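The values are calculated or read from the model by the stated rules, or taken from the named source; none is laboratory data. None of these values were measured; they are calculated from a predicted model. Note that each Cβ is placed from the backbone with ideal geometry, even for glycine, and that neighbours are counted across all protein chains shown. Remember, those area values only see protein heavy atoms, side chains included, never the ligands or the DNA or RNA. Shrake-Rupley method; radii C 1.70, N 1.55, O 1.52, S 1.80 Å.
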Amino acid sequence: MTVTKGLSHDPNAYEWVRLSTLKHHPKNPRRGNVEAIRESLRAHGVIRPIVVSRKTRRVLAGNHTLKAARAEGLDALPVVWLDDLTPEQEVKILLADNRTSDMGGYNDAVLAELLQGLADAGDLLGTGYDAGALDDLLASLASPQEPQP
């Protein structure tokens, strides 16, 4: 296991944890789509763990998953614990998780192909996309793009 700048992760630290024992990070600036996450939970169940500081029990990655799970009446979520974090490290991890997600993008043609296949089968449920979003994506692919300066 690699340890970076004093952060440690116990590979055996993944466990199902009661939601009542977890805390949302009070300074999370992210505004997530809880309804889309709820739909995904209903369609697929829990598909990945959240990340929590063991010392403070604050969620560092997955605050909106926690909100959605509570709204869906779940009792527990899988948690990856991070140990011995300073308050500054907690904030940095929280921000890094939010920002690195923002910095990603899509191959729109591949996305359209995948969504179209699901739409043709009549089932976009739990993807976070609906027919209108697919129509918008297809329209953007059909219209000529202006060259970037």
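Largest mean-square fluctuation among R31, R48, R57, in a Gaussian network model of the chain whose springs join Cα atoms under 10 Å apart, belongs to R31.
Largest GNM mean-square fluctuation among V17, V110, V52, using the chain with Cα springs under 10 Å: V110.
For P(r) over Cα pairs in 10 Å bins from 0, in percent, computed directly from the structure shown, the correct entry in (1) 12, 46, 37, 5; (2) 10, 31, 30, 20, 9, 0; (3) 11, 41, 33, 12, 3, 0 is (2).
Of the GluC sites (Glu not before Pro) found in the range 49-119, those that fall in a DSSP loop while having at most 16 other beta-carbon atoms within 10 Å are E72. Extension gain for D130-E113 works out to 4.7 nm (0.36 nm per residue, less the C-alpha to C-alpha distance). Using Cα springs under 10 Å in a Gaussian network model of the chain, which residue among H64, H24, H44 shows the largest mean-square fluctuation? Sorting by GNM fluctuation, first place goes to H44.
A cut-off of 5 Å between modelled amide H atoms, ignoring neighbours fewer than 5 places along the same chain, links V17 with L77, V79. Rolling a 1.4 angstrom probe over the protein heavy atoms with all chains in place gives the chain an accessible area of 66 Å² per residue.
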